[in-house]
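Quick note: the coordinates plus some simple rules give every number you see, no bench work behind them. None of these values were measured; they are calculated from a predicted model. Note that we place each Cβ from the backbone using ideal geometry, even for glycine, and neighbour counts take in every protein chain shown.
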């Protein structure tokens, strides 16, 4: 049986951990060229109480490829990446879920859910549900599908409280929201808004990859300055503050 | 890339080439492959080590890939053929070229009994850029890269970097640790030092994905 430790070894060279500090968005860890928050976080909804990206996902590089390919139907490549990404999420949650709950001042997350797919037809069999709801032991017992895509017409990549519809009422439970990729945060923030409308307590998002383009601004040099290899012992919530 | 015969291992890397030219035959079970690479100017000991690893890994059911260069590469190919195994040559020229020229008959034999693979147009001559590109393709094509002997200026180091960027394991021969670059490389995640085919095969096997996962 493949172990999480063995399957994640190679990701030590693939993952690139965000570092909180100046020039890094205080919400989503986007690189901002000096601003406290990136444009999308400053101008969009901010309903999430914490956003924790495991890694940057740099456009065209290996993690980005994995995050796109696991959702494709091409087998066996899709399954290969689904299992590997599940192992990455498992290992990260085992070490750092409590850093996230502590940041929100809650003892633990009683419910785990995912951001629904933008394509409602595919949502039922979206590999992220299988990943969080079956493959990853730290989440599978607590996984519930709390949201569906609403029929309300919304613009892509824009925060919209009406993007998702809750499937039922919540009674103040802290919710851990999992998504594969964060680009503008519009989907995850819209999901958090819908969860709170349904009665959720604090909501945190853990995402595998915070998408970035290397060519943009000074991203390339900033990304090259990040520590390597990936440090599984620390997350953006339990890191020592940057000494710079 | 759109062909159903495009190698699955290559599909799983971000910098895979859109087009591959092949002399010989690609098979679905070429997925179970490992690259054995090293320098052109190899010692007798290094050549013998490459032959032992190639023989052992092909007996363990692995397809052995290498770069058809002089030295370690040629030793890995010929030992695999001698052991009745299957070998893939990932070359830094077009498939209609031979480089170095002395490997013309080896290249023909590999095309008949395995495959000669290139990401370059068939008549492309060797260039400075083509060999590092070839090393990235070889890493992408295989489950792991084994480095037998290489100097600090060797192009083999490019393949180690590509393999790690692909999330694939790299195995180093113990003797390499006499060099500083190899000691530094050995500190990286997913790099292990081993001199036996059985041990390397077992380590590759432990990283195979499948369900269910366990944290034991």
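Some notes on this structure:
- Taking A:208, B:91 and counting other C-beta atoms within 10 Å, the order from fewest to most: A:208, B:91
- Counting other Cβ atoms within 10 Å as a rough exposure proxy, the listed residues A:47, A:182 run A:47, A:182 from fewest neighbours to most.
- Span from the the stretch A:1-73 Cα centroid across to the the stretch A:173-189 one, whole angstrom: 12
- Dividing the Cα radius of gyration of the stretch B:151-216 by 2.2 N^0.38 Å, with N the residue count, gives 1.23.
- Considering only beta bridges that DSSP places wholly inside chain A, some 15 percent are antiparallel.
- The stretch A:30-156: relative contact order as a whole-number percent, Cα under 8 Å and 6+ apart: 20
- Footprinting exposure proxy ranking of B:21, A:92, fewest other C-beta atoms within 10 angstrom first, gives B:21, A:92.
- Rounded, prolate or oblate (a/c below 1.5 giving rounded, otherwise prolate when a/b exceeds b/c) for the stretch A:41-131 by Cα gyration tensor: prolate
- Counting all C-alpha pairs of the protein assembly as shown, share separated by more than 37 Å (%): 32
- If you bin all the Cα-Cα distances of the stretch A:169-209 at 10 Å, starting from zero, the percentages per bin are 33, 51, 16, 0.
- Look at the Cα gyration tensor of chain B: its axes a ≥ b ≥ c give a/c under 1.5, and that counts as rounded.
- Remark: relative contact order (chain A) = 29 percent; criterion is Cα-Cα distance under 8 angstrom and separation of 6 or more residues.
- Among beta bridges from DSSP that stay inside the stretch A:97-218, the antiparallel ones total about 20%.
- Antiparallel content of DSSP bridges confined to chain B, in %, to 5: 15
- Value of [θ]222 nm, deg cm²/dmol, for chain B, DSSP H segments ≥ 4, -39500 (n - 2.57) each, nearest 500: -11000 deg cm²/dmol
- Kirkwood-based Rg to Rh ratio, the stretch A:38-239, C-alpha trace: 0.94
- The separation of the stretch A:110-142 from the stretch B:148-216, counted between C-alpha centres, amounts to 34 Å.
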